[in-house]
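The values are calculated or read from the model by the stated rules, or taken from the named source; none is laboratory data. Given the structure is predicted, the values throughout are model-derived calculations rather than measurements. As a convention, Cβ positions derive from the backbone with ideal geometry for all residues, glycine included, and neighbour counts pool all protein chains shown. Calculation scope for accessible area: heavy atoms of the full protein, side chains included, ligands and nucleic acids excluded. Shrake-Rupley method; radii C 1.70, N 1.55, O 1.52, S 1.80 Å.
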Amino acid sequence: NRWRKLRFLLLFNRQGKLRLQKWFVPTSDRERKKVIRDMIMLVLPRQPRTCNFLRWKDLKIVYKRYASLYFCAGLEEQDNELLALEVLHRYVELLDKYFGNVCELDIIFNFEKAYFILDEFLMGGEVLETSKFAVNVSMEQADTLQE
Amino acid sequence: MSPSVPLQEMIRAIRSARTQCEERGVIQRECAAIRAQFRQTDNGGRSHNLAKLLYVHMLGYPAHFGQMECVRMIASPRYSEKRVGYLGAMMLLDEKQDASLLITNSIKNDLSHSNQYVQSLALCTLACMGSAEMCRDLAPEIDRLLRSSNSYIKKKAALCAVHIVRKVHDLGELFVPSARSLLSEKNHGVLHGAVVLITELCERSPETLERFRKTVPDLVQIMKGLVISGYSPDHDVAGVSDPFLQVRILRLLRILGRNNEAASDAMNDLLAQVATNTDSTKTVGNAVLYETVLTVLDIKSESGLRVLAVNILGRFLLNNDRNIRYIAMTSLQKIVSTDHNAVQRHRGTIVDCLKDQDASVKRRALELSLALVSASNIRSMMKELLIFLSSCPPELRAQAASGIFNAAERYAPSKRWHIDTILHVLTTAGGDVRDETVPNLIQLITNTSELHCYTVHKLYRALFTDISQQPLVQVACWCIGEYGDLLLKGECQETEAVQVTEDDVLDALEIVLQSHMSTPTTRGFALTATMKLSTRITDNVDRIRSIVSIYGSCIDVELQQRAVEYNALFKKYDHMRAAVLERMPVIQKNSLGQTNGELSEEPMKESQPGKVKQEETALPPQPAGQAQVVDLLDLLGGSQEPLQPGSSVGGSASTHLTAAPTSAGGDLLDLLGGFEPTPLAPAPTVTVYEKNGVTLTLSCEQQSESGLTVTLTASNSTDSDISGFTLQAAVPKSVQLQMRAPSRDSLPAHGGAKLTQLVVLNNPNKVNLKMRIRVSYTCQGSVVQDMVQVDSFPGL
């Protein structure tokens, strides 16, 4: 029963503090906590120059570290890990453009914006918009609607 | 877009808490405030409140009380409130919650909102957490939006439709027409969404797939446009134009081309073009190449294209980027059975990857290497694998060891190589092998009689190098016990022999017995081996006696039981000791995991005379035994063929006697019980031979219609001991003969003890029974051989 391209996307720092969690399949609170714990335990001990791909249960895990944050995605069996790395990279670029030299604090204090940007880039576990500029334009325009 | 000050203040307050306890205090206070705010009517700060709650939720604290607030916020006319409300719904609600039903109406309304950003919120939420009912309810609306002129809405509607189809498969039919028309869009976002939707529809329904096959030319066109187009700033990623779209199209082509010649043909050229033109210096290009390779290998592609694809994987293997090497190996693993030869060409690179630093890459390389082992490359591959085993990470050892064993078993070029390989593995990774390795190895060793000497010498040396690897120690003990005589001889053709004395060997076994590193099983092996040596050595039998009696009071029950039984073997049943501790018969290779225990049930059936024909291989694999076949042929001349030279030279393997299994003592007891000393035959006894003080008497007993048991008893009335006493018998062709092992192989002087041997005959044709018996023994240093023919049997 094939599900989505991405099952989940997590952002956490080196101390294991969660900064963002997006779930693309219905997951109960308890399962979410377990997955988060497992991902943190799996990814944090990884050495710097090792492979960015892991296996966990029936999923492929793709992770990349950007400064103090780990971006961690859970993929389907048949999915293209190399492209998943590109997806993670694209998201970082979008955050960077929006916040200007984004750092972890931006994502802490403006977490809802991080979610809004994500929702303009991915939907239902699939890539929604492939153009960087289009995403940024949408964000700017939506922001102007805020009262 | 002013940041939410109240939110940020709260965040700051939480972060400044120094302990978990303090943080909990802050959170509790804040939550109380938030709850209070929720109860108030519209106050303009509602979105900030909910945002605060969502932050608290992300830290892991409960936030259920915010669910209704989300519902209220979604229904608000203010965009900022809707925005946070929908976000809250996606974070706090899922389709299982009752509250999610309440937002269905809001979503429905917002889908037709005049502002596209409001529509987009609704679409996004529906695609995230829409339940089956919501999907059924809103599907027509989504289909309508798919036909809108607004690209922004269309692309979101497309992915929303994907979610709907996943939730309610039947609704797929509804979206087919719109999906088809979306393929002519120019907007990449819409195109991407369309491709994803079509992929989903095709995967769900074979009929739909058939219909969409017609789109292959269109898809090929679009891809071509992307690949050869000039630089497009909107979609360029490191020189590749819209890699996300390219990959999705390739995936759709894969589904459409699978099992279909025509479709595969139509995309052949394109795939070749993508494979050759895509820039592979950056990850993004490789992502596209990877998808191309997967597609080529999955459809009915031309062989040239397949080779191209495998070569791309081969190039990946040489890439500096670890991720790419990893990918290459996973892909090669998938095709190693179908395109074996193509993958073999890259064997060298794959084997090199065994030395990679990264554990994931190593694991893949191991799996792939094991899959590539074949009869032609077994020697070189095994060398590499053994090197790998000695330095591989601990979590891969068990897999490597068992993979090596399988490969060795299938392709071993020679027995000696096979044994050497197993020994090597036991020395390097003894702790990680499976339990059945020990009996399997023992079976292999018994089957390789020509290497008994070599094996025991090698194992003896290995024992001294490392006494901690239990499987190795167990096999070493077993071999020393079995072939101790070969060890003591001090000469070996195949390898440099160790020069040891009996004391040295017993020392070694005692070290194992006493070492704290030895498991109870290992100590059992060692004790049994020590016991076996009592018939293979000459001087130090007393030492063995004392070792065995010490362990009679050992705390370990298993050892104690063995020791007590062996003690009994020394005392009460000494005449049987030689027989019991003889060489083991060749263990039949039944299946993995079966031990010698199987044989103990049916000793007679194992060595049916019918099996023991003139073939030398069927005989006990001892050179001595074979010599006797020849002799016996000479013995009986031309008239009667000696059908069953039932020989049982003391110490050589006998196919008759059930050698005691080295495991549970229960069998040993059965054995002792089954063998009564000289069955007191009521049948008359007749002396058949009497010379030089050696007397041989014969008595027989009819067991059945054609079955007959003959008992031969020998005694020695001279002044000197007789050793190496053996009897051989031959009977007419149609009579079947089986000789049981003698009760002893020596005759003390002055009739100190008698030797008994049972011979079981089967005379189905009821021919005239005759028997030729050859006697041979050593007395006062000289060998005596004699023969007697028995023509009449008493009692018959």
key: Options B:268, B:260: the member that is open to solvent by less than 40 Å² (accessible area, probe 1.4 Å), in contact with an Asp or Glu (Cβ under 8 Å, 6 or more places away or on another chain) and farther than 20 Å from residue B:192 by Cβ   = B:268
query = For residues in segment A:25-76 being over 27 Å from residue B:163 (Cβ atoms) and among the small types (Gly, Ala, Ser), which is farthest from the other protein chains (Cβ to nearest Cβ)?
reply = A:67
message = I'd like to check something: does segment A:23-44 contain any residue that is surrounded by fewer than 20 Cβ atoms within 10 Å (Cβ to Cβ), part of a loop (DSSP other than H, G, I, E, B) and in contact (Cβ under 8 Å) with a residue 40 or more places away in the chain?
response = yes
note = Checking B:576, B:584 in turn, the sole residue that is crowded, with 18+ Cβ neighbours inside 10 Å and within 31 Å of the chain's Cα centre (by Cα) turns out to be B:584
ask   = Can you name the residue in segment B:693-706 that is surrounded by 14 or more Cβ atoms within 10 Å (Cβ to Cβ) and part of a loop (DSSP other than H, G, I, E, B) and, of all such residues, is nearest to the chain's Cα centre (by Cα)?
value = B:706
task = Scan segment B:134-147 and give yes if some residue there is over 24 Å from residue B:251 (Cβ atoms) and in a loop (DSSP other than H, G, I, E, B), otherwise no.
result = yes
Per-region count, segment B:25-71, residues surrounded by 13 or more Cβ atoms within 10 Å (Cβ to Cβ) and charged (D, E, K, R) = 5
task = Go through (1) in contact with a strand residue (DSSP E or B) (Cβ under 7 Å, 6 or more places away or on another chain); (2) at the interface with another protein chain (Cβ under 8 Å from one of its Cβ atoms); (3) not β-branched (Val, Ile, Thr) and name the single condition residue A:22 misses.
result = (2)
ask   = Which ones in segment B:765-786 are touching a strand residue (DSSP E or B) at 6+ places or on another chain (Cβ under 8 Å) and surrounded by fewer than 14 Cβ atoms within 10 Å (Cβ to Cβ)?
value = B:783, B:785
task = Starting from segment A:56-78, take each residue that is under 12 Å from residue A:89 (Cα atoms) and list its partners that are charged (D, E, K, R) and open to solvent by 80 Å² or more (accessible area, probe 1.4 Å), counting only C-beta distances under 8 angstrom and pairs at least six apart or across chains.
result = A:70/A:14; A:71/A:65
query = Taking the stated definitions as given, is residue B:281 open to solvent by 10 Å² or more (accessible area, probe 1.4 Å), at pLDDT below 95, of a type in the set (Ser, Thr, Tyr) and part of a helix (DSSP H, G or I)?
reply = no
query = Somewhere in segment A:97-110, is a residue facing another protein chain (nearest Cβ under 10 Å) and surrounded by 22 or more Cβ atoms within 10 Å (Cβ to Cβ)?
reply = yes
task = Identify, from the list B:448, B:437, the residue that is open to solvent by less than 20 Å² (accessible area, probe 1.4 Å), at pLDDT below 85 and farther than 24 Å from residue B:516 by Cβ.
result = B:448
ask   = If you take the residues of segment B:156-190 that are under 16 Å from residue B:245 (Cα atoms) and open to solvent by 10 Å² or more (accessible area, probe 1.4 Å), which of them is nearest to the other protein chains (Cβ to nearest Cβ)?
value = B:188
request  = Confirm whether residue B:234 is open to solvent by 30 Å² or more (accessible area, probe 1.4 Å) and within 14 Å of chain A (Cβ to nearest Cβ).
outcome  = yes
request  = Hey, could you check segment B:91-116 for residues that are surrounded by 19 or more Cβ atoms within 10 Å (Cβ to Cβ) and assigned to a helix (DSSP H, G or I) and say which is nearest to the other protein chains (Cβ to nearest Cβ)?
outcome  = B:91
query = For residue B:777, are the conditions met, namely being touching a Gly at 6+ places or on another chain (Cβ under 7 Å) and aromatic (Phe, Trp, Tyr)?
reply = yes
request  = Would you mind telling me which numbered condition in (1) among the aromatic types (Phe, Trp, Tyr); (2) out of contact with any Ser or Thr (no Cβ under 8 Å at 6 or more places or on another chain); (3) open to solvent by less than 20 Å² (accessible area, probe 1.4 Å) residue A:53 fails?
outcome  = (2)
Number of positions in segment B:334-376 that are farther than 27 Å from residue B:394 by Cβ and open to solvent by less than 40 Å² (accessible area, probe 1.4 Å) = 7
query = (1) within 38 Å of the chain's Cα centre (by Cα); (2) at pLDDT below 90: which one isn't true of residue B:525, the others all being true?
reply = (2)
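Search segment B:278-311 for residues being β-branched (Val, Ile, Thr) and within 25 Å of residue B:262 (Cβ to Cβ), and hand back the single one that is farthest from the other protein chains (Cβ to nearest Cβ).
Top of the filtered list is B:307.
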message = I'd like the residue in segment B:718-745 that is over 51 Å from the mean Cα position of the chain (by Cα) and more than 20 Å from residue B:787 (Cβ to Cβ) and, out of all such residues, is most open to solvent (accessible area, probe 1.4 Å).
response = B:719
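Let's see how each residue does on (1) assigned by the TED database to the domain that holds residue B:544; (2) under 35 Å from the mean Cα position of the chain (by Cα); (3) in a helix (DSSP H, G or I):
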{"residue": "B:444", "(1), (2), (3)": "no, yes, yes"}
{"residue": "B:458", "(1), (2), (3)": "yes, yes, yes"}
{"residue": "B:463", "(1), (2), (3)": "yes, yes, yes"}
{"residue": "B:468", "(1), (2), (3)": "yes, yes, no"}
{"residue": "B:474", "(1), (2), (3)": "yes, yes, yes"}
{"residue": "B:477", "(1), (2), (3)": "yes, yes, yes"}
{"residue": "B:493", "(1), (2), (3)": "yes, no, no"}
{"residue": "B:505", "(1), (2), (3)": "yes, no, yes"}
inquiry  = When you scan segment B:672-686, do you find a residue that is part of a strand (DSSP E or B), of a type in the set (S, T, N, Q) and modelled with pLDDT of 85 or more, even just one?
reply    = no
inquiry  = Would you confirm, using the coordinates I've provided, whether residue B:544 is open to solvent by 60 Å² or more (accessible area, probe 1.4 Å) and assigned to a helix (DSSP H, G or I)?
reply    = no
